[in-house]
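See below for the structure under consideration.
Throughout, read-outs are computed from the coordinates displayed, never taken from laboratory work. Predicted, not measured: the structure shown is a model, and the values here were computed from it. Backbone-built Cβ (ideal geometry, glycine too); neighbour counts: all protein chains shown.
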Amino acid sequence: MTRVRRRWSAYNRGKRSLIGWFVTELYFPNNAMKAVHRLNLPKNARILEIGSGSGRLLQDLCYLGFTHVSGVDPFIAKDLHYQKGPPIYKRQLDEMQGPYDLIMLNHSYEHMDHPAETMRTIARLLKKGGRVIIRIPVASSYGWKHYGINWAHIDAPRHFYLHTFKSMDLLAGQAGLKVTDTIHEAEEISITASESFTKDIPLEDPRYPLSSSLKRLKGWRKRKSDKQKVEEVNRRKEADLICFYLKKG
């Protein structure tokens, strides 16, 4: 599986691969890898991922040639040190030492109970001119407006906050950061899961269309409609999943 995942990661950095294409089509694009790729960082850039879990994205970045990557996650059992990979620390964010060229939060910021304090800590850990990637669901979106309480990305009680473009601007500005760009990256689940919730079908239910790889494969053609809806929502800039780019002046 490691080999397949790395092909998927490389494919989403622009390297052609039949395996990478197939995994992207069967599951979803590796938008976290795409987000890093857009910044065109040097391979020696100091990168920290907050809420990294076991560090799969960081391991893939190492495989692709990045040499100074690390992760922090207070909820892992212990520090992780891979033989040929990044260190992952079981620590609170304010225990980390910068400066970093890039700090990224891939669907972890909405799980944090003190977003303003976290944003200030991020700013402190960044070097001048450093960048931040924050990928989160936003309430100012088609998903919330159309599905309401059945919107898949409410995800209560795991999500403490549902941000908007305005709240992100305010939080960044208070910390001395600036939102420089936003990428709309809604995925198939944005539509499929929300539609299922309107029918009282949870994600673990066998009736859920994306509940297994076999269902994904068998329903490939039927899924085309949801994928087209997602593409249209992204084009209209009404997506419910947004990649925010921030910069420290």
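Between residue 91 and residue 203, what is the spin-label point distance in nm, taking each point 7 Å from the Cα along the Cα→C-beta axis?
3.0
Evaluate the distance, in nm, between pseudo-label points positioned 7 Å from the Cα of residue 145 and of residue 222 along their respective Cα→Cβ axes.
Placing both labels 7 Å beyond Cα along the Cβ direction yields 3.0 nm.
Show me the ranking of peptides 220-227, 115-122, 19-26 by mean Cβ neighbours inside 10 Å, starting with the highest.
115-122, 19-26, 220-227
For residue 49, enumerate residues with amide H under 5 Å from its amide H, sequence gap 5+ or separate chain, H modeled in the peptide plane.
Amide H neighbours of residue 49: 70, 71, 72, 104.
Consider just the alpha-carbon atoms of the chain and return their Rg together with their Dmax, both in angstrom.
18.1, 50
Using only Cα positions of the range 119-249, each an equal point scatterer, no hydration layer, compute I(q)/I(0) via Debye at q = 0.17, 0.19, 0.22 Å⁻¹ and quote the log10 values to two decimals.
-0.91, -1.04, -1.23
Given the rule -39500 (n - 2.57) for each run of at least 4 DSSP H residues, summed and divided by the residues of the chain, what is its mean residue ellipticity at 222 nm, to the nearest 500 deg cm²/dmol?
-10500 deg cm²/dmol
Specify which residue in the list 241, 179, 20 is farthest towards the positive end of the charge dipole of the chain, using unit charges on the beta carbon of Lys, Arg (+1) and Asp, Glu (-1), about the Cα centre.
Highest projection toward the positive end goes to 20.
Quick one: among 191, 133, 201, which has the greatest mean-square fluctuation in a GNM of the chain with alpha-carbon springs under 10 angstrom?
Its mean-square fluctuation being the largest, the pick is 201.
In what sequence, highest mean first, do 36-46, 159-169 appear when ranked by Cβ atoms within 10 angstrom?
159-169, 36-46
Which value, in debye to the nearest 20, describes the size of the charge dipole of the chain about its Cα centre when Lys and Arg Cβ atoms bear +1, Asp and Glu Cβ atoms bear -1, and nothing else is charged?
1120
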